[in-house]
Amino acid sequence: MISCKDFIPVYSEVFCYLESHFGRQEVDNYWDAIFKVNAAKKSPLLVCLEKEGLKGCFTYWNGTLNEEAADFTMYLNEKRGFYKLDMHRCPSKGRLVDLQEQVGLKPYPDYCLHCDGYRNACKEVGLDYIYNFQGMDKASCSIFIYDPKVFDGRIIMDEDTQVMHRDATDNEYYHPSFHRSLNNGLHYVGQTHGKAGILEIMSNYVNRVVKPLMGEVTLASIEKMILEDYAKEKSSDAVTTNLTENGLTVSVRYCPAVKFMVETDVPVSPWYQYATTGVMAELAKLAGCTFVMDSYDDQTGAAEYHFTKN
């Protein structure tokens with residue numbers, strides 16, 4: 001399992017893999033495929049828009065941005081027909097900027113463009129969408145969504161304007177919906193490019209992010225990472241480890257990512273398990289060990305696996 005707090009660099013690696021092997025068009029193909037999935041199942045934003053109209057923008061981003069502990073200000077004026085979101089520091093792009101400074105990670109150059117998929121949901125309900133990428137290098141941007149039947153071209157902040165401002169320190173970063181996004185990404189790569197593609201993405205993630213942050217890769221540091229990941233997911237009860245001089249055994253009662261997806265009616269991809277397999281196999285190699293996935297349950301994410309020193 002990859003914690004929802006560690007999802008961002010993995011998602012960047014998905015885009016990097018697709019472009020490096022198949023060209024820039026393949027990244028657009030992926031984004032188009034995700035839009036079709038979201039359209040068929042009705043994305044959370046589209047559900048809010050269909051239920052509340054323009055106000056649905058405020059409802060949707062109120063939920064996601066507070067879960068992501070974003071630094072933002074948003075405005076809603078239904079009478080004047082507009083919604084405005086000023087992202088002062090996007091936690092996703094901000095994480096990539098931080099990793100670039102900390103470990104030299106090169107994030108996918110067009111990473112922020114994947115958010116343009118929100119445009120499609122807005123168009124579905126007759127709203128227009130303007131995405132301003134200025135400040136992207138500093139993890140900032142803005143979105144302006146308006147009802148063309150109501151908005152007269154003037155952004156006026158009056159008594160009818162609802163305003164919400166949050167600093168990053170106002171909330172805890174915990175956004176489990178990212179598990180859905182990783183599930184979609186791995187499903188696309190697995191279906192179109194096979195298991196080898198997923199394993200390469202995970203290998204790149206480990207070597208470009210996990211290893212530099214971890215320092216020396218040992219069985220003890222691997223155990224520490226696993227336990228910390230489940231703690232990040234508020235699911236420390238789900239995992240048990242046994243570290244000995246010659247090996248490490250891990251028992252997973254349930255995967256919190258799989259549990260979240262099942263509880264929110266998201267079909268868990270059969271390719272999802274290879275996130276764990278790919279990360280652990282690469283870590284084992286770096287630690288001079290052999291990794292074996294002894295069992296894995298697609299329905300719950302319950303698993304048994306072990307590392308043995310070579």
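Taken together, the values in this text are just the output of simple stated rules run on the coordinates, not laboratory data. No experiment lies behind these values; they were computed from the predicted model shown. Backbone-built Cβ (ideal geometry, glycine too); neighbour counts: all protein chains shown.
Per DSSP helix of 4 or more residues, -39500 (n - 2.57); summed, then divided by the residues of the chain. What does that give at 222 nm, rounded to the nearest 500? Working shown, then result.
Working: 12 runs with 143 residues, N = 310.
Helices in the chain give a 222 nm mean residue ellipticity of -14500 deg cm²/dmol.
Around GLU50, what is the net charge, scoring Lys/Arg as +1 and Asp/Glu as -1 over all other residues with Cβ under 11 Å from its Cβ? All intermediate terms of the calculation are to be shown ahead of the outcome.
Values: positive: LYS42, LYS51; negative: GLU52, GLU124.
Value of the local net charge: 0.
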Which of the aspartates and glutamates could a cross-linker bridge to LYS42, judged by Cα under 19 Å and excluding same-chain residues fewer than eight apart? ASP32, GLU50, GLU52, ASP116, GLU124, ASP128, GLU263, ASP265
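Estimate the FRET efficiency between LYS149 and ASP297 by the formula 1/(1 + (r/R0)^6), using the beta-carbon distance for r and 35 Å for R0, to the nearest 0.05. Don't skip to the answer; put the middle values down first.
Values: r = 51 Å, r/R0 = 1.45.
Result of the calculation: an efficiency of 0.10.
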Local electrostatic count at GLN102 - Lys and Arg +1, Asp and Glu -1, tallied over other residues with Cβ under 14 Å: +1
Entries of LYS5/LYS259; LYS5/LYS195; LYS211/LYS234; LYS84/LYS234 with Cα pairs more than 26 Å apart: LYS84/LYS234
Once the Cβ-Cβ distance between GLU52 and ILE130 is put in as r, and R0 is 30 Å, what FRET efficiency do you end up with, to the nearest 0.05? 0.90
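ALA220 to ASN171: FRET efficiency via 1/(1 + (r/R0)^6), r the Cβ-Cβ distance, R0 41 Å, to the nearest 0.05?
Working: r = 33 Å, r/R0 = 0.80.
Calculated value: 0.80.
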Once you have the Cα-Cα distance between SER251 and PHE22, take 0.36 nm times their residue separation minus that, and quote the gain in nm to one decimal. 78.7 nm
Around MET74 (Cβ within 10 Å, Cβ-to-Cβ, excluding MET74; K/R +1, D/E -1) the net charge comes to +1
Per DSSP, the loop-located trypsin sites (Lys or Arg not before Pro) within region 14-119 having at most 12 other beta carbons within 10 Å are LYS79
Sketch the reach of a paramagnetic label on LEU243 as a point 7 Å from Cα along Cα-to-Cβ, and name the residues of region 250-277 whose backbone nitrogen lies under 13 Å away. 250
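Let me know the shape class of region 1-115, please: from the alpha-carbon gyration tensor, a ≥ b ≥ c as square roots of the eigenvalues, rounded when a/c is under 1.5, otherwise prolate if a/b is greater than b/c, or oblate. Numbers along the way, then the final one.
Values: a/c = 2.24, a/b = 1.45, b/c = 1.55.
It is oblate, given that a/c is not under 1.5 and a/b is not larger than b/c.
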Specify the angular offset, from 0 to 90 degrees and rounded to the nearest 10, of the alpha carbon long axis of helix 178-193 from the longest principal axis of the alpha carbons in the chain. 70
